[in-house]
Amino acid sequence: MTCQNAQQNIILAQYGELSDELQFPLEQHVAGCEDCRREWKALLALNEELALTPMVEPSPNLLAASRMRLDEALDAMPARSITQRFFGSAFRWMSYVQGAPALTTLLLGAGFIGGNFIARYQVAHAPKLPTPVILSNSTNGAIASVSGIVQTPNSDLVQVNYNRLVPETVQGSLDDPQIRQLLMLGTKLATNNDVHANSVALLANECAAGRRCEAGGTGDGATGIRSALLASLRYDKSPAVRLKALAGLQPYVGQDEHVRDAVLEALMHDKSADVRTQAVSMLEPVQADSSVRQVLRTVSAQDANPAIRNASFQALQGTVDIQ
């Protein structure tokens, strides 16, 4: 093995990419060549130094910008001519032959001799498309894919998560926990606007009637019906849906601070005049609250709608009578 080949193989060996048949000749060469042994030790020291430095993951913005610059640079490169591509391939092939002539000859011979057999083998053993798994109960439909597998430690118990190929339907009363859970999912995962609006309307009717309108927390993981209506009031793009959410939240303005804050936020920032008007009327039970009075004063002076400014002013006069 020459020093030039050894220098290339040393780099491959450091990264674990060197083939087994070249590992032993490289070790023999390094043992007898001072220059190559010095190169080997230098790479080992470099890897040890790098291992002590923590690896910092690049930010997504940096990756995106780098890809864009790379694409622009590749687009700016002139296309290589046929002659350049031909000579480039020829030189690469010659370097492979010079680096390992015996192995290259063996591979060429095996390729010519076994090409036909390999092609036939690949055709005979081509992978077949998987067929859907059918459950014993055909009414449940076929399984489209398996999304997760969890095995209980020290046990033969296995939990398999899977997705069905066909949609399912559940029927029940609004008091059914499963129906209520699906309605809350409908406010987030509905496939069309009508389904989303119907989910919000049904949940709002339940809350307006005072039937199990639990809050369920106030963070991103909130799961209660009241939290679902708060999310619809803040983020839904349809004014009609936001009005339905307001109607469902009305009974809880006086007792739930989060509901009160959401109504004040809608009064200050909602783009729909109908939503802001409804928000003013909902604040009547809590007009004596200092934060409510402050928002009413701001709206009475700054809102673009004269009717809303007047309604806010009248609500402020009501707070004076209360005091």
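The values are calculated or read from the model by the stated rules, or taken from the named source; none is laboratory data. Here the structure is a predicted model, which means the values were calculated and not measured. When we count neighbours, we look across all protein chains shown, and the Cβ atoms used for this are built from the backbone with ideal geometry, even at glycine. What goes into the accessible areas is simple: the full protein's heavy atoms, side chains included, and nothing from ligands, DNA or RNA. Shrake-Rupley method; radii C 1.70, N 1.55, O 1.52, S 1.80 Å.
In this structure, does Val56 turn out to be among the β-branched types (Val, Ile, Thr) and either at pLDDT 75 or above or open to solvent by less than 80 Å² (accessible area, probe 1.4 Å) (or both)?
Values: among the β-branched types (Val, Ile, Thr): yes; either at pLDDT 75 or above or open to solvent by less than 80 Å² (accessible area, probe 1.4 Å) (or both): no.
So Val56 does not fit the description; no.
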I need the full set of residues from segment 161-194 which are part of a helix (DSSP H, G or I), at pLDDT 80 or above and open to solvent by 60 Å² or more (accessible area, probe 1.4 Å), in order please. Pro177, Gln178, Gln181, Leu182, Leu185, Asn193, Asp194
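Identify the residue in segment 248-262 that is open to solvent by less than 10 Å² (accessible area, probe 1.4 Å) and small (Gly, Ala, Ser) and, among all such residues, is nearest to Arg226 (Cα to Cα). Talk me through it step by step, then tell me what you get.
To start, the set of residues in segment 248-262 that are open to solvent by less than 10 Å² (accessible area, probe 1.4 Å) comprises 248-249, 253, 259, 262.
Next, from what is left, pick out any that are small (Gly, Ala, Ser): 248, 262.
Details: Gly248: 8, Ala262: 11 Å.
So, considering only residues that are open to solvent by less than 10 Å² (accessible area, probe 1.4 Å) and small (Gly, Ala, Ser), the one nearest to Arg226 (Cα to Cα) is Gly248.
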Checking Leu243 against (1) over 29 Å from Ala288 (Cα atoms); (2) modelled with pLDDT of 85 or more; (3) buried (at least 16 other Cβ atoms within 10 Å of the Cβ), which single condition isn't satisfied? (1)
